[in-house]
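Novice: Right, I'll just put the structure down here and ask away after.
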Amino acid sequence: MNEILKGIAASSGIAIGQVYIIGRDDFEVSKRLIVESEVAGEIVRFEESLIQTRQELIVLQRKIAHEFNQEQAQIFDAHLLVLEDRMLIEEVISRVKKEKCSVDYVFQEVLKKYVSVFSRMEDEYLRERIADINDVGKRVLRALCGRKKKSLADFEQKVIVVAHDLSPSDTAAMHRKNVLGFITDIGGKTSHTAIMAKSFEIPAVVGVEVATSKISQGDTIIIDGTAGIIVINPDERTIAKYKEAEEKILAKDKTFISLKELPAETRDGRRVELVANIELPEEIPFLLEHGAEGIGLYRTEYFYMNRKDLPTEEEQFEAYKLVAEKMAPYPVVIRTLDLGGDKFISQLQVPKDMLPFLGWRAIRFCLARPDIFKVQLRAILRASVHGKLKLMYPMISGVEEMRQANRVLEDVKEELRVEGLPFEKNMEIGAMIEVPSAAITADLIAKEADFFSIGTNDLIQYALAVDRTNEKVAYLYEPAHPAVLRLIKKIIDDAHKNKIRVGMCGEMSGDPMFAIILLGMGLDEFSMPSRMVLQIKQLVRSVTIKQAQEIAAEALSFATAREVEKFSKRKLKELFPQVYDSF
Ligand code: PEP
Ligand code: MG
């Protein structure tokens, strides 16, 4: 009762519900002891899993016989024989009785023993049976643990999803109404899976490491996505405590609603733009509800995910047009395709290892594949006459890349002119500043761009050499690191010296800890997960610009991230003790 696991708080909020485990093929079942009264039930579970696997194999065999030939279907005869192996079955049952361990664990151990015995056999035919044993073994284990490959859009009832890992496209496919929350073994706070959870307002804890081995199918679980805590099979008192906490969070959120119609300006009238990040156009009603006055980052790569083909120009045009129209007169910044890192699209047939964070990703990929890039640019340009669209390129690393991308854009504009298709000639073109080389040469890039948007999610990982998706180094991923704060200050100053506006679309801009500091540094636009907009507005409205500048100057004077955080927490508590009491 009440076993507690700790992970990385990825998306705030509390969820209580039943677990659904999404399996991976190479999972390991951890040892779980049982009591005498559970033994009979474990044996029944084992027998049922054998029957289920047998049925699955027969269906598969018939399908293969129908689609290919009888000979290939016969492979499954060997698999079926493994399932009927009396020695194996009896060994599992007798060990469950003797060792008092769960049947999935015992079965896994017996299987390992068989594999090791067969691998030492002289006879080649018998050695080759290892593949059959492994294959059938995994099927039985999946049946035992209830781990089925299932689409995340298909849950019939409300569940908390637990998985070793979820890709951003898995998360995008989740049916919001039936996924109460999710937990993963791996991942960091700014991995795209975590970002999607925030957009969907689904509480999530990532980087738990042992989640899939400690949590079992059907367990009741509490996720506290704000604290990064999971409670397995909680008692009544704990459930009641968390339900109360959930109500408090909802009540706190409601207090921000009164700010919705008020301007995002400091006490002395300095106005900033508070806008939202989106991955899918379906998020627009949410962001308007949360008082966002535009979209500062539309991550278009999600358009390319969860489908078998690439989106056509027409399809993209219709989507961008719809977003532009729905948001008008507010601005929408469309980011061109940012593939790579943890965002991967299988139908492009680019091996995943060619698109790592330091590899052939984002603008590098687009410049090398003008066939794909130009289709998107045409669609964005054509949609630009339907609202207030801006365009920006991800991962710009220097002036040359910015110029190259703009040259492709000019070619596309020329094509549209020749074809007589209208587009907004003065659409603003921005650069994301998220690579340290771009931050260091921001004064030069500013001469080639109409605006900047600081991508702190990547800027932090590249500046501090910390993989944003790796839970093992998550403690080093520090937005408050003096190196990060200095880079941000430099980018803002360089932009302003060159008379262009500068926004931030990394997760940092929606973190209350940094709002006043960034305001004081001179940030013009904050783009964030929409649920944070009003909370950040409250902070902007609580100070004069001079106060914010003083706070920013003091934050920049510290030597460590911890000192910056301590200082910032103190300031927040002074301003709004009722909101930041638990900081
Ligand atoms: C960033 O890097 O800060 C950013 C906003 O882009 P993404 O998270 O999509 O890489
Ligand atoms: Mg980025």
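What follows is calculated from the coordinates using simple rules that are stated; it is not laboratory data. Please read all numbers here as calculations on a predicted model, not as lab measurements. Positions of Cβ are generated from backbone atoms using ideal geometry, with glycine treated the same way; all protein chains shown enter the neighbour counts.
Novice: Ranked highest first by average number of other Cβ atoms within 10 Å, how do 268-276, 350-358 line up? Before the final figure, lay out the partial values.
Specialist: Working: 268-276: 19.3, 350-358: 13.1.
Top to bottom by mean Cβ count within 10 Å: 268-276, 350-358.
Novice: For a footprinting-style exposure proxy, rank 402, 121 by other Cβ within 10 Å, fewest first.
Specialist: Values: 402 22, 121 13.
Ranked by crowding around the Cβ, least crowded first: 121, 402.
Novice: Among the lysines, select those whose C-alpha is under 28 Å from the C-alpha of residue 248, and discard any that sit fewer than 8 residues away in the same chain.
Specialist: By straight Cα distance, residue 248 reaches 6, 158, 177, 189, 198, 260, 537, 566, 569, 571, 573.
Novice: Taking square-rooted eigenvalues a ≥ b ≥ c of the alpha carbon gyration tensor, is region 273-530 rounded, prolate or oblate, where a/c under 1.5 means rounded and, failing that, a/b exceeding b/c means prolate? Don't skip to the end; give the middle numbers.
Specialist: On the way: a/c = 1.41, a/b = 1.27, b/c = 1.11.
Since a/c stays below 1.5, the shape of region 273-530 is classed as rounded.
Novice: Please list, in order along region 480-491, the HN-Hα scalar couplings obtained from phi with the Karplus expression 6.51 cos²θ - 1.76 cosθ + 1.60 (θ = phi - 60°), rounded to whole Hz, x for Gly and Pro.
Specialist: Values per residue, Gly and Pro as x: 7, 4, x, 4, 5, 4, 5, 4, 4, 4, 5, 4 Hz.
Novice: Put a dot 7 Å past each Cα toward the Cβ at residue 2 and residue 213; how far apart are the dots in nm?
Specialist: 2.6
Novice: Counting other beta carbons within 10 Å of each residue's own, what order do 477, 242 fall into, fewest first?
Specialist: Values: 477 23, 242 19.
If I rank by nearby Cβ atoms, fewest first, I get 242, 477.
Novice: Only counting other Cβ atoms within 10 Å, I'd like 186, 488 sorted with the fewest neighbours first. Spell out each step's value before the answer.
Specialist: Values: 186 21, 488 28.
Ranking 186, 488 by Cβ neighbours within 10 Å, fewest first, gives 186, 488.
Novice: Here is a follow-up. Applying the Karplus parametrisation 6.51 cos²θ - 1.76 cosθ + 1.60 with θ = phi - 60° to the phi angles of region 155-164, what ³J(HN,Hα) value in whole Hz is obtained for each residue in order, glycine and proline being reported as x?
Specialist: Residue by residue, region 155-164 yields 5, 8, 10, 6, 9, 9, 7, 10, 8, 5 Hz.
Novice: How far is it, in nm, from the label point at residue 239 to the one at residue 557 when both lie 7 Å from their Cα along the line to the Cβ?
Specialist: Each label point is offset 7 Å from its Cα along the Cβ direction, giving 5.3 nm.
Novice: What is the antiparallel percent of DSSP beta bridges lying wholly in the chain, to the nearest 5? Working shown, then result.
Specialist: Numbers: 19 of 58 bridges.
Approximately 35 percent, going by the DSSP bridge assignments.
Novice: Grab the DSSP H runs of the chain that are 4 residues or longer, score each as -39,500 (n - 2.57), total them, divide by all residues and round the 222 nm result to the nearest 500 deg cm²/dmol. Write out the running numbers ahead of the final one.
Specialist: Details: 23 runs with 277 residues, N = 583.
Helix-only estimate at 222 nm: -15000 deg cm²/dmol.
Novice: Which whole-number percent gives the relative contact order of region 273-530, counting Cα pairs below 8 Å spaced six or more residues apart? Intermediate results must be reported in sequence, preceding the final value.
Specialist: Details: 481 pairs, mean separation 50.1, N = 258.
Once divided by the residue count of region 273-530, the mean separation gives 19 percent.
Novice: Where both partners of a DSSP beta bridge lie in region 273-530, what percent of those bridges are antiparallel, to the nearest 5? Intermediate results must be reported in sequence, preceding the final value.
Specialist: On the way: 1 of 29 bridges.
Antiparallel: roughly 5 percent of the beta bridges in region 273-530.
Novice: May I pose another question? Counting pairs of alpha carbon atoms under 8 Å apart in space and at least six apart in sequence, what relative contact order in percent does the chain give?
Specialist: Details: 1106 pairs, mean separation 85.5, N = 583.
Value for the chain: 15 percent.
Novice: Can you classify region 36-145 as rounded, prolate or oblate using the Cα gyration tensor, where a ≥ b ≥ c are the square roots of its eigenvalues, rounded means a/c under 1.5, and otherwise it's prolate if a/b beats b/c and oblate if not?
Specialist: The shape class here is oblate.
Novice: Grab the Cα-Cα distance for residue 574 and residue 265, subtract it from 0.36 nm times how many residues apart they are, and report the gain in nm with one decimal.
Specialist: Working: separation 309, 0.36 × 309 = 111.24 nm, distance 1.97 nm.
In short, 109.3 nm is gained.
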